[in-house]
Amino acid sequence: MKNSMRDSRIKRKTKETDIDLFLCLDGGEVEIDTGIGFFDHMLTAFAVHGGFGLKVRVEGDTFVDDHHTVEDTGIVLGQAFMEALGDKSSIERYASFYIPMDEALAFCSVDISGRPFLVFDANFPQEKCGDYTAAMTVEFMRALAFNAGITMHIKSEYGSNSHHITEAIYKAAAHALKAAVKQNDSGKPLSTKGVL
């Protein structure tokens with residue numbers, strides 16, 4: 001039986017970040033303001049390509065660097081996925097997707113299993129994309145995967161531009177998650193154990 005209300009709002013405040021996030025797995029408005037322009041661009045791409053409704057407001061200690069803002073946003077987004085998915089019944093669970101972006105090609109495979117794991121294989125030739133540190137991509141994806149209870153494998157097959165590599169990774173993750181959270185009429189989790 002399909003769940004018509006697959007959404008979640010999470011607020012999380014620490015000494016480093018203050019985050020207010022709303023996620024709807026089945027679409028909606030996209031409004032992103034993290035204080036880091038390139039990260040806003042990535043989260044917008046993630047939401048649009050995933051078909052998710054996503055509203056994110058972050059006040060972070062960007063005067064230090066982008067680490068806390070990016071990682072903590074991943075934590076909260078993961079928590080929102082976990083809550084919105086509920087008992088994970090009637091979802092496809094598995095999906096994989098390749099995304100090309102100019103010279104770069106990225107792959108993401110996911111299992112919404114309740115068992116968090118991340119395998120991440122990517123090199124970034126340029127350290128920064130605007131005010132965003134390319135190496136924070138793995139921190140964001142790890143925080144998302146572990147807080148959502150998702151097994152996620154990400155690989156950059158190749159690429160020479162960090163902007164293209166990073167964007168391909170975010171879009172590949174979005175498309176894989178879009179397919180994995182898609183609802184079917186089974187009325188139960190896709191598991192021989194009967195529960196996820």
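Values as computed for the structure displayed
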item	result
Single residue of the stretch 23-37 satisfying the filter (of a type in the set (A, V, I, L, M, F, W, C) and either crowded, with 20+ Cβ neighbours inside 10 Å or in contact with a Pro (Cβ under 8 Å, 6 or more places away or on another chain) (or both)) that is nearest to residue 185 (Cα to Cα)	25
Only one of 147, 123 that is within 21 Å of residue 5 (Cα to Cα) and modelled with pLDDT of 95 or more	147
Lone qualifier among 118, 77, 85, 105 - being more than 27 Å from residue 157 (Cα to Cα) and not polar (S, T, N, Q)	85
Breaking point among (1) modelled with pLDDT of 95 or more; (2) out of contact with any strand residue (DSSP E or B) (no Cβ under 6 Å at 6 or more places or on another chain); (3) not in a helix (DSSP H, G or I), for residue 54	(2)
Unmet requirement for residue 92, which otherwise passes all of (1) more than 23 Å from residue 163 (Cα to Cα); (2) crowded, with 18+ Cβ neighbours inside 10 Å; (3) touching a helix residue (DSSP H, G or I) at 6+ places or on another chain (Cβ under 7 Å); (4) of a type in the set (Asp, Glu)	(2)
Answer from 145, 122 - the residue that is among the hydrophobic types (A, V, I, L, M, F, W, C), on the phi < 0 side of the Ramachandran plot and more than 14 Å from the chain's Cα centre (by Cα)	122
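The values are calculated or read from the model by the stated rules, or taken from the named source; none is laboratory data. Not measured: the values here are computed from a predicted model. Every residue, glycine as well, gets a Cβ built from its backbone with ideal geometry; the counts of neighbours run over all protein chains shown.
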